[in-house]
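Beneath this line is the structure, given in C-alpha cells, with notes to follow.
The values are calculated or read from the model by the stated rules, or taken from the named source; none is laboratory data. Remember, predicted model here, so these are calculated numbers, not experimental data. All Cβ positions, even for glycine, are placed from backbone atoms using ideal geometry, and neighbour counts span all protein chains on display. Just so you know, the surface numbers come from the protein's heavy atoms only, side chains and all, with ligands and any DNA or RNA stripped out. Shrake-Rupley method; radii C 1.70, N 1.55, O 1.52, S 1.80 Å.
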Amino acid sequence: MADDNGRPEGTGFFASVDDVSARLAEAGYLASTAVATTVFLADRLGKPLLVEGPAGVGKTELAKAVARVGAARLVRLQCYEGIDESRALYEWNHAKQLLRITAGRDEAWDETRTDIFSDEFLLTRPLLTAIRGDEPTVLLIDETDKADVEVEGLLLEVLSDFQVTVPELGTITATRRPFTVLTSNATRELSEALRRRCLFLHLDFPDAELEQRIVRLQVPGLDATLADSLVRVVGALREMELRKAPSVAETIDWARTLLALGADNLDETVVRDSLGVILKHQDDIAKATRKLTLV
Amino acid sequence: MNAPATDARSPLAERLTGLVRALRGHGIRIGPGETVDAAAVLEALGLTDRERIREGLAAALLRADRQRAVFDAAFELYFPLGVGELTGTSGAPAADRDELRDRLAQALAADDTAALNRLAGEAVDLLGRYGTSPGSDGWSAHQTLDRLRPQTLLARILADQRAGGRGGGPGAGSGSGVGSGSGVGAFGSGFGGGFGGGIGSGGFTERLDADEIRRRIEDFRNRIRTEARRRVAERRGAEFIAERGIAPSADQVDFLIASREQLVELRRTVQPLARKLATRLAARRRRAARGQIDIRRTLRRSLSTGGVPLRPAYRRHRPARPEIVLLCDVSGSVAGFANFTMLLVQAMRDQFSKVRVYAFVNRVDEVTHLVTTGEADPAELGRRFAAEATISGWHGSSDYGAALGEFAERHLDAVGPRTSVIVLGDARTNGFDPNVAALRRVAARARRVHWLNPESPSQWGTGDSAAHTYAEVVDMHACRNARRLGELVTRLLPV
C-alpha cells in the first residue's frame, strides 16, 4: 500500500503474522495470536498501536521487543501529569540563542534572526526525534493516560500524519514512519479522536499455556511440573477479585523465588511462606490464604 | 485469497458492513474510517485464519475492552465457523446423550478446545432441535443445556481424575494433561496436542481442580449458546439474531434486570471505580486551584518590578474538606443496584476522608464503621449491614417515609452547610407515606441533595413510586447502568 505521495505507508518490519510470532519469540517475547496479528497490522498499515491492559502484562515490553526485532532505535516518551509541548515535542535552546546573539553583536539583526532559529538551536524532544532521522524507529508513548488532555491534541497531528509543525522552520514530515506504540492503564478514558487514529489492542493476562511458556523461557531452571502448578495457582488467584491481581512479572518473580528456595513441588508451607512475592496487599494475602485453605 | 474488499458488491464487503451495522446497533460508535481500516485489515491478513481475522477486525473496529463481548458474538454471526452442521471434522457423530456426556467429560478434563467446539456442535444438533415444520423449527441453546446438563459432570470428572491420578502414578501431569487418560481412546489425538490442564497431578494444586473444571463447563455452555445462535442466524439471517440475540456490554446492562452472571461481570468492570474517581477528582482539584487573579496583591507585587505586573498573584482557594453523607436503600427490590451502591460507597471511602454512610430499609442506621476499605465483596457487606445495624423494623420492605423521617429526627446533625447528601434508591414507597417534609428538612440544611434512581424516568411516578414527589425537592438523576453511575459520580461530587 502507498499513500498519495507514493511513500510506503507501513514500517516494513515484518512479512507475515507467523513472522511476527517467530521473531518476537526469538527476542524473548512470546506473543499470543491477538498480539501477533495486531502488531503485524500496525506494521503493515502504518497505524499507531494503542495497547491497554492491567499493569505488568508486558505492554512496554512489547514495544521494546519490536525494537529489538526490527533493529530499530527506541524513542520513548514517558507521560506524566503536567507534561507539555516543550517536553514532548521540541524546545528552542534559549540559553544558546542568547549566547549567539551576544557573540554576534556587530552583524545585522536579520542575519542573526535567521541563524538563531535554525536547526542548531532546536532541542528535539522524543516525538520530533522519532519523526526526524532516517533509521528505523520504534516510538513508545508510555502511560498516555497519565498525561493531560491537552497533550492528546498534540499527539493527534503527530500520529495521523507523522508530521510536526514548528512555526519558525515549517512542517517536518517523517521520511520513514516510526512504529508507534501507545500504552495506557485506563485510569482515564483517552479521547475518541485519539483512539480513532490507532489500532486497539487489549492486552490481558496470558492464558495458562502461554504463561507457562513465558515462565519456562524466563526461568529456564524451573521444573516443568512445578511451572505448571505455579501457573495454575496464579490463575486461581486472578479469579479471586483481589485488590491487585498478580501480573506476569510477579509470576516470574515467584518462579525465581521457588527456584532459589529449592522447592521442587508446591505444598502448603511453601505457598504460605512465599505468597508475599505475588500479592502486595495484606488483605489480599489474608483472602488468598483463606480461599486456598492454607491455614 | 485476496478478494477485492473495496468492491461494494463483493460478498465480503457486504459481510463487513453488516458486522459494522450490527455493532453500531449495539451502541458501539464506528465511523466509515474504521470500516475502511477493517477492509484494509482483511486485505492484509487474507482469509485463511479465522482467529487472526477476529483479532484484526477487533483491533480496527473496537475502542475499548468492554465492547469485546458484543463484538465476539457479532463476529460469530457474520463470520461463522462454517455452514450447516459442523460434523465433517469429527468421526462418527454421537449416537445418544450418554455417549455425548462421556466424551464431554473427557474433553473437559483435558481442556481440549477443538474437541469442545466439535462437541458443542454435536450437542446442539442432537439435543437442541425443536419444531418440525420449516419456518417454525430451530435450535435452542436452552433446551440443549437442559438436556445435556454439563454442570452435573463436575463430580464425575473430579472422581475420575483422582482415581486416574493415583493409578497413573502421582506427580504425573507435566505438559500434556496426563492423568486423565487411562484407556480412553476416542480423543487420544486431541489430548496429546493440547497443553491439557495438568489436572489430576495430585498434590497442592488438587484444590484448584473443581474451580477450573467449573470455569471450563461455563465456557462450554457459552460455546453451545454461540453454536445455537450461529445455526439460527443461518436460517433467519444474521441481522435478525444480531439485533435480538446479543447481550449488551456489561456497563450498559440495567441494574434492576441484570442476571447474576452479568452482575459479577459488571462488578469487575466497575472495580477500578475508586482509582478512576481519584484521578478525575485530582485533575479537577488542580484546575480549581488556579483560581482568580488577586488584583490587590498583584499590584503590590508589581511595585518591585517598576509597576509592571510580571508575576500575577492568585486568590487561593482554601481547600475545603468535602463532606458527604450517603443514604442508601439496601432493600431486596433494588438488590442489583444496592450492590453497586456498596461499591460506590467503598470507592468514596477511599477518596474522601469525611464520608458518613447510612443504610435503610424502613429504619435508618449509620454503617460507616462497617464499610471497610478494600473489602471486595458487596454482597458480604450487605449481609453485614443486615446483621449489625438496625435497618429494618417489623417488616422487610422499604419505607422511604419512615426512614427519611428517622434520619431527619436522629441524624440531622451529620448534615451541615458544606455537606452533599446523596440518596440512592428507587423511591418506591410500598404505599407508605413518602414524608416529603423530612426530605425537605434535610435539603434545607445540606449544600446539595442528589438522588440517584435506578429506574428510567418513564417509570417514575408509576405505581407506588414517589419519584416525582421527591424530585420536586431534590435533584433526581436516573442512574440505570454502571457507565451512567460513573459519569454521575464524577460530575456530582464536590471537588
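In table form, for the structure just shown:
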{"quantity": "Counted residues, region A:273-295 - those being within 11 Å of chain B (Cβ to nearest Cβ), part of a helix (DSSP H, G or I) and open to solvent by 10 Å² or more (accessible area, probe 1.4 Å)", "calculated": "5"}
{"quantity": "Test for residue B:62: is it free of Cβ contacts under 8 Å to residues at least 40 places away in the same chain and farther than 21 Å from residue B:117 by Cβ", "calculated": "yes"}
{"quantity": "Residue that is nearest to residue A:131 (Cα to Cα) [pool: residues in region A:59-82 that are buried (at least 18 other Cβ atoms within 10 Å of the Cβ) and out of contact with any helix residue (DSSP H, G or I) (no Cβ under 6 Å at 6 or more places or on another chain)]", "calculated": "A:72"}
{"quantity": "Selection count, region A:1-25, where residues are surrounded by fewer than 22 Cβ atoms within 10 Å (Cβ to Cβ), modelled with pLDDT under 90 and more than 13 Å from chain B (Cβ to nearest Cβ)", "calculated": "5"}
{"quantity": "Residue among B:416, B:405 that is in a helix (DSSP H, G or I) and either open to solvent by less than 10 Å² (accessible area, probe 1.4 Å) or modelled with pLDDT of 80 or more (or both)", "calculated": "B:405"}
{"quantity": "Residue match in region B:485-494 (condition: modelled with pLDDT of 85 or more and touching a helix residue (DSSP H, G or I) at 6+ places or on another chain (Cβ under 9 Å))", "calculated": "no"}
{"quantity": "Region A:168-182, residues that are surrounded by fewer than 22 Cβ atoms within 10 Å (Cβ to Cβ) and in a strand (DSSP E or B)", "calculated": "A:170, A:171, A:172, A:173"}
{"quantity": "Counted residues, region B:457-495 - those being assigned to a loop (DSSP other than H, G, I, E, B) and within 18 Å of residue B:429 (Cβ to Cβ)", "calculated": "9"}
{"quantity": "Qualifying positions in region A:204-225 - within 10 Å of chain B (Cβ to nearest Cβ) and either free of Cβ contacts under 8 Å to residues at least 40 places away in the same chain or crowded, with 21+ Cβ neighbours inside 10 Å (or both)", "calculated": "A:208, A:209, A:212, A:216, A:224"}
{"quantity": "Residues (closer than 22 Å to residue B:342 by Cα and not hydrophobic (A, V, I, L, M, F, W, C)) located in region B:423-443", "calculated": "B:425, B:426, B:428, B:429"}
{"quantity": "Whichever residue in region B:75-127 is modelled with pLDDT of 80 or more and outside any helix (DSSP H, G or I) and, among such residues, is surrounded by the most Cβ atoms within 10 Å (Cβ to Cβ)", "calculated": "B:80"}
{"quantity": "Pair list, Cβ < 8 Å and 6+ apart or interchain, from region B:208-226 residues that are assigned to a helix (DSSP H, G or I) to residues that are of a type in the set (S, T, N, Q) and open to solvent by less than 70 Å² (accessible area, probe 1.4 Å)", "calculated": "B:209/B:161; B:223/B:117; B:224/B:144"}
{"quantity": "Checklist (1) within 13 Å of another protein chain (Cβ to nearest Cβ); (2) of a type in the set (Ser, Thr, Tyr); (3) buried (at least 19 other Cβ atoms within 10 Å of the Cβ) applied to residue A:269, failing item", "calculated": "(3)"}
{"quantity": "All positions within region A:166-193 that are facing chain B (nearest Cβ under 10 Å) and touching a helix residue (DSSP H, G or I) at 6+ places or on another chain (Cβ under 7 Å)", "calculated": "A:185, A:186, A:187, A:188, A:190"}
{"quantity": "The lone exception for residue A:250 - which of (1) open to solvent by 30 Å² or more (accessible area, probe 1.4 Å); (2) more than 10 Å from chain B (Cβ to nearest Cβ); (3) of a type in the set (Asp, Glu) it fails", "calculated": "(1)"}
{"quantity": "Members of region B:453-476 that are within 20 Å of residue B:348 (Cβ to Cβ) and surrounded by fewer than 17 Cβ atoms within 10 Å (Cβ to Cβ)", "calculated": "B:475"}
{"quantity": "Selection status of residue A:115, farther than 26 Å from residue A:158 by Cβ and modelled with pLDDT under 90", "calculated": "yes"}
